[in-house]
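Down below is the structure, laid out as structure tokens.
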Amino acid sequence: MTEVHTPRRALVVIDVQNEYESGGLRIQYPPVADSLRNIGRAMDAAHAAGIPVIVAQQSSPADAPLFATGSHGWELHPAVAGRPREHYLRKTLPSAFAGTDLGDWLETQAIDTLVVVGYMTHNCNDTTIKHAFDAGLAVEFLMDASGSVPYANRAGRASAEEIHRVFAVVEQSRYAAVMTTAEWVAHLASGTMPERDSIHASHQRALARLDEAA
């Protein structure tokens, strides 16, 4: 009989701070009210299932334009601040692993699967996902409990929807099982495992779609 592996999960809630709702980096896609609601739902589901919750908070010097320590924008959003957590991190770099005790804490808790929510999809979430993957952890990313902002620079322009969608597709291609919060909660309830993918299979599907359109 094949042994069924039961993941030992932890949920990391990344940088859910006022800066992203009412400050200088207001999330545009998905709508921030929706992602905040789903972040809260994920935290509640984790707590009910006995999954430890880790809250990470981005911190910058007091004179920084964003996340200035002690400012309103730096403070945790009430959706997160008012919910229980098992561990707290202050970080200064994008990855929740960089310069923190997250890796050691996960190891002491025998965690093998990291569930990622929070902000932003393409920045701190992406770097945390890649860091966890490289460390040998399985990763689950709740795409509607995250969000992006638009960018314009000398390399070009991209909408918040484009950035969020493309990063989610790339994560699913290898680095994480990407799903909605409702799908994740259903997996917890049923004990089923989310779908994972590969770069090769993702590429082959894209080529097949091009052939069909030709």
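Structure notes:
- In the calculated pair-distance distribution of segment 82-126, the portion above 12 angstrom amounts to 68 percent of the Cα-Cα pairs.
- Cα centroid separation, segment 94-109 to segment 173-214: 27 Å.
- Hull volume in cubic angstrom per residue (convex hull over the Cα atoms of segment 1-55): 103 Å³
- Length gained when the stretch Ala135-Val169 is fully extended (0.36 nm per residue, less Cα-Cα span): 10.1 nm
- If the Kirkwood radius is taken over C-alpha pairs of the chain, then at 4 °C and 1.567 mPa s the Stokes-Einstein diffusion coefficient equals 73 µm²/s.
- Mean shadow area of segment 136-185, taken as a quarter of the surface of its Cα convex hull (nm²): 4.3 nm²
- C-alpha center-to-center spacing [segment 112-164, segment 1-77] in angstrom: 12 Å
- The simple spin-label model puts a point 7 Å past each Cα toward its Cβ; for Thr69 and Thr108 those points are separated by 2.2 nm.
- Here the extension length gained between Ala186 and Gln204 equals 3.6 nm, from 0.36 nm per residue of separation less the Cα-Cα distance.
- Value of [θ]222 nm, deg cm²/dmol, for the chain, DSSP H segments ≥ 4, -39500 (n - 2.57) each, nearest 500: -10500 deg cm²/dmol
- Prolate/oblate/rounded call for segment 45-101, Cα gyration tensor, a/c under 1.5 rounded: oblate
- Potential lengthening between Arg8 and Ser60 on full extension [0.36 nm per residue; Cα-Cα distance subtracted]: 15.5 nm
- Sequence-distant residues sharing a close amide H with Gln57 (under 5 Å, placed H): Asp15, Leu89, Arg90, Lys91
- For segment 92-214, alpha-carbon Rg over 2.2 N^0.38 Å: 1.16
- For segment 9-213, share of DSSP beta bridges that run antiparallel, in % to the nearest 5: 15 percent
- Cα gyration tensor shape of segment 1-94, rounded if a/c is under 1.5, else prolate or oblate by comparing a/b with b/c: prolate
Taken together, the values in this text are just the output of simple stated rules run on the coordinates, not laboratory data. Because the structure is a prediction, the values reported are computed rather than measured. Backbone-built Cβ (ideal geometry, glycine too); neighbour counts: all protein chains shown.
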